[in-house]
Amino acid sequence: MKIESLSTLFEEELKDIYDAEKRLVRALPKMAKAATSDELREALEEHLEVTKVHVQRLEQVFDLLGKTAKAKTCPGMKGLIEEGEEVIGEDATETLMDAAIIGSAQRVEHYEMAAYGTARTFAQRLGNQEAADLLEKTLNEEKEADQKLTEISEQLLQSLDIETEGQETEGSKKKTRKTQTSRA
């Protein structure tokens, strides 16, 4: 497709985001199932419901444009989801698996924040404030989800520090002593 106007570019961006959100609706249950932390699982399940609203909100934006909601394959989200599925298949302790899931989920959130920020700006530039407001609302929800994941990650990593604090190997103790001795 030849993009000759900001309006066409905006529509193409919306199609891409629409596909991304629909893919995420299918991927989030798998991530939630793989999570071992109740808080993480609940956050992912909650975000699934919010993501369903994002799909509906995008359909509203298409309606505002007089267009039928249509998805265009989003290779970026497809790749991020594949990475997430790879992570879920890894062999890791529960805490490390949850930390890895959060990393994958946050990459998705950052991708979405970039996409919604861009689409909102296009809508504003085109003078479609109603569409811009809907996209801004979703952008803010993506930021909230990212912040919640950061908080959960910090809690998990704190517990990981506590778990590993007393587990230094004899070799690392010698290395630490040697380093301390050479500094003296």
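No value in this document is a laboratory result; all are computed from the given coordinates. Just so you know, these numbers come straight off a predicted model, no measurement behind them. A quick note on method: Cβ atoms are made from the backbone with ideal geometry, for glycine too, and the neighbour counts reach across all protein chains shown.
Scanning region 8-38 for residues that are assigned to a loop (DSSP other than H, G, I, E, B) and either in contact with a Leu (Cβ under 8 Å, 6 or more places away or on another chain) or under 19 Å from Pro75 (Cα atoms) (or both) returns Ala35, Ser37. For the residues Glu109, Glu85, the requirement of being of a type in the set (Asp, Glu) and under 11 Å from the mean Cα position of the chain (by Cα) singles out Glu109.
Could you grab me the full set of residues in region 59-107 that are of a type in the set (Gly, Ala, Ser) and either outside any helix (DSSP H, G or I) or within 21 Å of Ser7 (Cβ to Cβ) (or both)? First the steps, then the outcome.
Step one: of region 59-107, the residues of a type in the set (Gly, Ala, Ser) are 66, 69, 71, 76, 79, 84, 89, 92, 99-100, 103-105.
Selection gives Gly66, Ala69, Ala71, Gly89, Ala92.
Being farther than 25 Å from Leu40 by Cα and not aromatic (Phe, Trp, Tyr) narrows it down to one residue among Leu149, Leu64; which is it?
Values: Leu149 fails: farther than 25 Å from Leu40 by Cα.
Every option except Leu64 fails the conditions.
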